[in-house]
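Since the structure comes first, as structure tokens, the remarks are kept for the end.
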Amino acid sequence: MSTFHYENDRLMVENLPVEEIVAKEGSPLYIYSREALVERISSYREAFSAHPTLVAYAMKANGNLAILSLLGQEGAGIDVVSGGELFRARKAGIPGNKIVFAGVGKTEEEIAYALKEGILMFNVESQAELDHISAVAVRMGTKAPVALRVNPDVDPKTHPYISTGMKKSKFGIPVDVAVAEYRRASTLPGIRIVGIHQHIGSQLTEIAPFRDAFERLLAFHGELRKAGIKVTHLDLGGGLGIRYRNEAPPSPKDLADLVLPRVGDLGVTLVLEPGRSIVGNAGILVTRVLYRKQTAVKTFFIGDAGMNDLLRPSLYGAHHDLLPVLRSVRPEVKGDLVGPICETGDFLATDREMPDFAAGDLIAVMSAGAYGFSMASNYNARPRPAEVLVDGNTYRVIRDRESFEDLVRGERI
Ligand code: LLP
């Protein structure tokens with residue numbers, strides 16, 4: 001049985017009807033499935049079980065403490081990109097030595113904090129940053145463990161906003177100067193070289209870009225060896241896509257089949273940084289229809305969730321399937337599901353065939369577990385939704401709905 005399914009025309013998450021959860025917790029509401037999360041993290045663990053591998057879940061996809069803690073219990077480490085994310089990871093009980101720290105703009109405070117927490121490695125994105133990390137480490141009387149993020153110049157064939165491994169991108173150190181940069185790193189007093197890092201983009205639905213990038217990584221690893229520089233970790237980044245509509249993305253097993261036969265004798269631990277492929281299809285956003293509005297040219301369903309709750313459709317033109325929480329015999333219409341925000345770009349779906357919903361109906365916006373709540377904002381002074389985690393026949397609120405008081409916390413007149 002799949003995690004999200006219908007029973008007597010009621011949409012269920014595991015064994016619970018969505019309608020009943022929303023009746024108690026209100027809408028809009030993020031609902032996650034524990035079973036789906038465990039299944040996804042296990043699929044990585046099992047696929048890579050033949051080789052020492054750290055699955056460092058990229059918490060930018062969803063940083064809720066309960067989710068981090070659950071994944072941590074399943075053996076995952078965490079990929080963080082800010083001091084705040086590091087704080088969340090530690091709060092959730094993830095040990096420092098299972099945390100990797102990426103991002104092009106780490107501040108002095110963040111570097112010092114990460115050194116104090118004894119993280120596994122910094123994924124370094126530029127020469128200037130490398131020098132900065134070394135200087136901070138020296139001041140603290142220690143050496144910073146690093147991997148240089150090598151930009152392989154591979155087109156991941158995904159949305160341009162989430163392509164990161166091409167020459168023109170701001171990420172990483174160009175592969176043609178990276179050996180020289182490793183040489184320089186090996187002479188810096190505050191640096192201990194640990195690994196090589198690579199990440200080419202997100203929502204990759206083909207294996208070919210992974211293959212190209214991995215080939216380049218292996219070639220680069222060979223060059224480093226020749227230069228007398230040893231690493232203990234190869235970090236392949238994240239990026240495996242998920243099915244939003246009809247994509248057929250590679251699985252963790254496909255990735256393992258590509259990678260494992262080639263790393264057996266390199267003496268390295270693999271690090272993976274999946275985000276979306278762990279949480280994306282483990283969560284939904286439920287919105288209630290407030291009004292149906294017919295104009296001369298359009299049918300609008302105005303829901304209580306907007307772009308501040310789920311930004312992906314507005315920002316990337318992303319597709320999320322819509323499912324009725326109660327299946328009934330409504331005719332199909334072509335309509336837009338929009339939010340209450342004062343922007344024309346505030347939509348969750350446009351020109352979509354969907355049931356002719358009426359006010360009061362609940363709609364599940366599918367595949368919303370990744371980059372949903374984590375990209376939510378308070379725009380238009382809207383409190384962010386609650387989050388709940390379903391486990392079999394029960395659920396827990398893992399984040400309270402924000403209140404108006406939450407909105408003004410820290411402000412003064
Ligand atoms: N590692 C690094 C260094 C990354 O930059 C990212 C994502 C990941 C791992 C995780 O990638 P994933 O496995 O989730 O594809 N907000 C966008 C996605 C931005 C991804 C940014 N980096 C969206 O909603 O599609």
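The values are calculated or read from the model by the stated rules, or taken from the named source; none is laboratory data. Since we're looking at a predicted model, the values are computed, not measured. Cβ coordinates were reconstructed from backbone atoms using ideal geometry, including for glycine residues, and neighbour counts include every protein chain displayed. Note: areas computed on protein heavy atoms with side chains; ligands, DNA, RNA excluded. Shrake-Rupley method; radii C 1.70, N 1.55, O 1.52, S 1.80 Å.
When only the heavy atoms of the protein chains count and the probe is 1.4 Å, how do 354, 140, 375 rank by accessible area, highest first?
Working: 354 5, 140 85, 375 55 Å².
Largest accessible area first, the list is 140, 375, 354.
Work out the FRET efficiency for residue 412 and residue 183 from their Cβ-Cβ distance, taking R0 = 51 Å, and round it to the nearest 0.05. It would help to have the intermediate numbers written out before the result.
Values: r = 52 Å, r/R0 = 1.02.
With a Förster radius of 51 Å, E is 0.45.
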Which percent of the accessible area of region 277-339 is formed by carbon and sulfur heavy atoms (probe 1.4 angstrom)? 58
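Which FRET efficiency, nearest 0.05, do residue 8 and residue 206 yield, Cβ-Cβ r, R0 35 Å?
Details: r = 39 Å, r/R0 = 1.11.
FRET efficiency, residue 8 to residue 206: 0.35.
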Residue 126 - accessible surface, heavy atoms, 1.4 Å probe, Å² rounded to 10: 40
Projecting each Cα onto the charge dipole of region 34-276 (Lys/Arg +1, Asp/Glu -1 at the beta carbon, about the Cα centre), which of 229, 260, 274 comes out farthest on the positive side? 229
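Placing unit charges on C-beta atoms (Lys and Arg positive, Asp and Glu negative, everything else neutral), compute the dipole magnitude of the chain about its Cα centre in debye, rounded to 20. Mind showing how you got there, number by number?
Numbers: 48 positive and 51 negative charges, 180 e Å.
Dipole of the chain, to the nearest 20 debye: 860 debye.
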Using 7 Å Cα-to-Cβ label points, what is the residue 356/residue 140 separation (nm, one decimal)? 6.3
Stretch residue 393-residue 19 to full length: gain in nm at 0.36 nm per residue minus the Cα-Cα span? 133.3 nm
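For residue 300 and residue 232, calculate 0.36 nm times their separation in residues minus their Cα-Cα distance, and state this gained length in nm to one decimal. Walk me through the numbers on the way to the answer.
On the way: separation 68, 0.36 × 68 = 24.48 nm, distance 5.52 nm.
Gain in length upon complete extension: 19.0 nm.
Can you work out the accessible area per residue across the chain, with the rest of the protein chains kept in place, probe 1.4 Å, in square angstrom?
Computed with neighbouring chains in place, this is 43 Å² per residue.
Taking 0.36 nm per intervening residue step and subtracting the Cα-Cα distance, what contour gain separates residue 65 from residue 260 on full extension? Present the calculation step by step, with values, prior to reporting the outcome.
Working: separation 195, 0.36 × 195 = 70.20 nm, distance 3.15 nm.
Length gained between residue 65 and residue 260: 67.0 nm.
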When the accessible area of region 361-413 is computed with all protein chains present and a 1.4 Å probe, what percentage of it is carbon and sulfur? 50
Accessible area of region 34-276 belonging to carbon and sulfur atoms, whole % at 1.4 Å probe: 52
How much mean residue ellipticity at 222 nm does the chain get from its helices, if each DSSP H run of length 4 or more adds -39500 (n - 2.57) and you divide by all residues, to the nearest 500 deg cm²/dmol? -8500 deg cm²/dmol
What's the angle, to the nearest 10 degrees (0 to 90), between helix 252-263's Cα axis and the longest principal axis of the chain? 10
Expected field for residue 316, accessible surface area in Å² at 1.4 Å probe radius, rounded to 10, holds 50
Which one of 36, 57, 26 is farthest out on the positive end of the charge dipole of region 1-63, using unit charges on Cβ (Lys, Arg +1; Asp, Glu -1) and the Cα centre as origin? 57
Where 382, 90, 139, 192 fall by accessible area, highest first, once all protein chains stay in place (1.4 Å): 139, 192, 90, 382
Please work out how much accessible surface residue 205 shows to a 1.4 Å probe, ignoring ligands, DNA and RNA, in Å² rounded to 10. 40
Run the quick spin-label model on residue 225 and residue 332: label points 7 Å from Cα toward the beta carbon, then report their separation in nm to one decimal. 5.5
